[in-house]
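Chemist: Before anything else, here's the structure in question.
The values are calculated or read from the model by the stated rules, or taken from the named source; none is laboratory data. It should be emphasised that the depicted structure is a prediction, and the values quoted were computed from it without experimental measurement. Glycine also receives a Cβ, built like all others from the backbone with ideal geometry; neighbour counts cover every protein chain displayed. Each accessible area value is taken on the protein alone, full model and side chains, heavy atoms only, with ligands, DNA and RNA left out. Shrake-Rupley method; radii C 1.70, N 1.55, O 1.52, S 1.80 Å.
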Amino acid sequence: MERVILHCDLNSFYASVELLDHPELKDAPVAVCGDPESRHGIILAKNEGAKAFGVKTAETIWQARKKCPGLVLLPAHHEKYHRYSRLVNDVYERYTDLVEPFSIDESWLDVTGSLHLFRTDGKGLADRLRREVREALGLTISVGVSFNKIFAKMGSDYKKPDATTVITRENFQALLWPLPVDALIFVGAAAARTLSGYGIRTIGDLARFDRAALITILGKQGAVLHDYAVGTECAPVIPAGELPPPKSVGNGLTFPKNLLGWEELGAGVALLSDEVAARLRRLDMKCGTVQITVRDPAFHDISRQKGLEIPTYLAREITGTALKLLRQSWNPRSPVRALTVTAQNLLPAGEAVEQLDLLSPQSAPRREKVERLERAVDGIRGKYGKDAILSARLKKPPSP
Ligand SMILES: [Mg+2]
């Protein structure tokens, strides 16, 4: 039987969640950023109003303000985004038990087996989900409906906000093949440049290219991308509970304008680490190693790791370690195109506490206090939103 897969994508997710607490700003250009006080802070998300001024994710505040002097800046609240993400997935789970979160604001749903219960087709269910999420939570989603996960995802990208796009075996060539090749998932700037060297500029070019030759050019990735383009990809939707626990938690950004100097680099690292720490706490896991990856404008990457004496899920410790690694390995006069902070060697938070007790029994109680504090901050931020609490890190640019 032909599968019916939905891909649901929350529109301008972080900005939309922040605006729930600021209805008076609905029509203003609004951006969410790591540090509203610093002109070197980095834009993390923006609403449609800010988009209209050309404000881009991952640029610095001063770059955004040049384009949009009236831009309203709100600080990020990662725990709150995780809470809303859970609530939205709860809505999806009323319609199928096959819900696979792909990121904090995107999920795949396999509704093949449950459509008949709701006496509708894929498009009907997608429209119903959009209405329900809007009415229940005040957030909008774009939904793609298709026969595989990749085309469903492309459908949710096709039209937004608050829209449904159906990609069928009959229309996928007309709708998707004219799109640039980097509109395909997992085709980054580097792969797109390689492909353009072979005259492959659109998804259609990729689909028509000789499969064996693609494998010669890109290795295994060549075969995967060819399957995506011709519509033969057929991976199952795997519910969250059945996915193995993550081996690492990473967060990266490619900056539209290169970062330069410790102030901008520090703001970038703090922003990425804050989200990594929030995700670790949500998983109730700690990391034993922190890795930072820096990409220069010529697409050269360097990666450095550092093991921690004591495993952590605290933002300040992950930020501190990542910055230390960066200071040891990077010349601040060199521009940075992309940064990634990754927490590795994950272990359940409970096990980490036992290890700590064995290592240094005297420091354990104090540490527990700091952790309780950071968790309490998560709770307060989640509950009262906005700038209920701003840590010193968020108020002042880090000084490496
Ligand atoms: Mg989204």
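Chemist: What fraction of the Cα pairs in the range 10-93, stated in percent, has a spacing above 14 angstrom? If you can, show how the numbers build up before the last one.
Modeler: Numbers: 2049 of 3486 pairs.
Here the long-distance tail beyond 14 Å is 59 percent of all Cα pairs in the range 10-93.
Chemist: At each listed q (0.11, 0.17, 0.20, 0.21 Å⁻¹), what is the log10 of I(q)/I(0) that the Debye formula gives for the range 20-171 modelled as equal alpha-carbon point scatterers?
Modeler: -0.51, -1.02, -1.22, -1.29
Chemist: Per the helix-only calculation at 222 nm, which mean residue ellipticity applies to the chain, given -39500 (n - 2.57) for every DSSP H run of n ≥ 4 and division by its residues, nearest 500 deg cm²/dmol?
Modeler: -13000 deg cm²/dmol
Chemist: Moving to a separate point now. Give the ranking of 306, 153 by solvent-accessible surface, highest area first, calculated with a 1.4 Å probe.
Modeler: So, going from the largest accessible area down, we get 306, 153.
Chemist: Follow-up question, since we're still on this one. On average, how much accessible surface per residue is there in the chain, in Å², for a 1.4 Å probe, leaving out ligands, DNA and RNA?
Modeler: Value for the chain: 46 Å² per residue.
Chemist: Send over the semi-axes of the chain's equivalent ellipsoid, whole angstrom and largest first, taken as the square roots of 5 times the C-alpha gyration tensor eigenvalues.
Modeler: They are 35, 26, 23 Å, listed from largest to smallest.
Chemist: When only C-alpha pairs under 8 Å and at least 6 residues apart count, what is the relative contact order of the chain, in percent?
Modeler: On the way: 729 pairs, mean separation 69.7, N = 400.
Result for the chain is 17 percent.
Chemist: Taking a spot 7 Å from the Cα of residue 334 along the direction of its beta carbon, which residues of the range 259-280 have an amide N less than 16 Å from it?
Modeler: Inside the label zone: 259-262, 265-266.
Chemist: Also, quick follow-up: Equivalent ellipsoid semi-axes for the range 114-222, as square roots of 5 times the alpha carbon gyration tensor eigenvalues: give them largest first, rounded to whole Å. Present the calculation step by step, with values, prior to reporting the outcome.
Modeler: Values: eigenvalues 215, 44, 24 Å².
Working from the Cα gyration tensor, I get semi-axes of 33, 15, 11 Å.
Chemist: Tell me, in nm to one decimal, what length is gained between residue 20 and residue 213 on full extension, where the rule is 0.36 nm per residue of separation less the Cα-Cα distance?
Modeler: 64.4 nm
Chemist: Can you give me the C-alpha center-to-center distance between the range 315-351 and the range 185-213, rounded to a whole angstrom?
Modeler: Result: 32 Å between the Cα centres.
Chemist: Then there is this: For the range 146-193, take the convex hull of the Cα atoms, compute a quarter of its surface area, and give me that in nm², please. Mind dumping the intermediate values first?
Modeler: On the way: hull surface 14.4 nm².
Convex hull of Cα atoms, orientation-averaged projection: 3.6 nm².
Chemist: Can you give the relative contact order of the range 97-210 as a percent, counting alpha carbon pairs under 8 Å and 6+ residues apart?
Modeler: Computed over the range 97-210, the figure is 15 percent.
Chemist: Under 8 Å for C-alpha pairs, at least 6 residues apart: give me the relative contact order for the range 25-160, rounded to a whole percent.
Modeler: Taking the mean separation of contacting Cα pairs over the length of the range 25-160, I get 14 percent.
Chemist: Sticking with this one: I need the calculated FRET efficiency for the pair residue 296 and residue 170, taking r as the beta carbon distance and R₀ as 45 Å, to the nearest 0.05.
Modeler: Result of the calculation: an efficiency of 0.50.
Chemist: Given the Cα atoms of the range 185-318, and with Rh set as the inverse mean 1/r over their pairs in the Kirkwood sense, what is Rg to Rh to two decimals? Can you show the working numbers first?
Modeler: Working: Rg = 19.0 Å, Rh = 18.1 Å.
Here the Rg-to-Rh quotient is 1.05.
Chemist: Suppose accessible area is computed on protein heavy atoms with a 1.4 Å probe; arrange 232, 57, 216, 96 from highest to lowest.
Modeler: Numbers: 232 80, 57 50, 216 115, 96 15 Å².
Listed by decreasing accessible area, they come as 216, 232, 57, 96.
Chemist: Over the chain, with a Gaussian network built from C-alpha contacts below 10 Å, which listed residue (245, 23, 311) shows the highest mean-square fluctuation?
Modeler: 23
Chemist: Which value, in Å² and to the nearest 10, is the accessible area of residue 79 when all protein chains are kept and the probe is 1.4 Å?
Modeler: 40
Chemist: May I ask you to order 316-324, 278-286 by the average number of other C-beta atoms within 10 Å around their residues, highest value first?
Modeler: Result, highest mean first: 316-324, 278-286.
Chemist: Right, another one. Accessible area of residue 177, 1.4 Å probe, to the nearest 10 Å²?
Modeler: Surface open to solvent at residue 177 totals about 40 Å².
Chemist: With the Cα gyration tensor of the range 221-281 giving a ≥ b ≥ c as the square roots of its eigenvalues, does the rule (a/c under 1.5 for rounded; else a/b larger than b/c for prolate; else oblate) give rounded, prolate or oblate?
Modeler: oblate
Chemist: Ok, one more. Among 343, 292, 332, whose Cα sits farthest toward the positive end of the charge dipole of the chain (+1 at Cβ of Lys/Arg, -1 at Cβ of Asp/Glu, about the Cα centre)?
Modeler: Farthest towards the positive end: 332.
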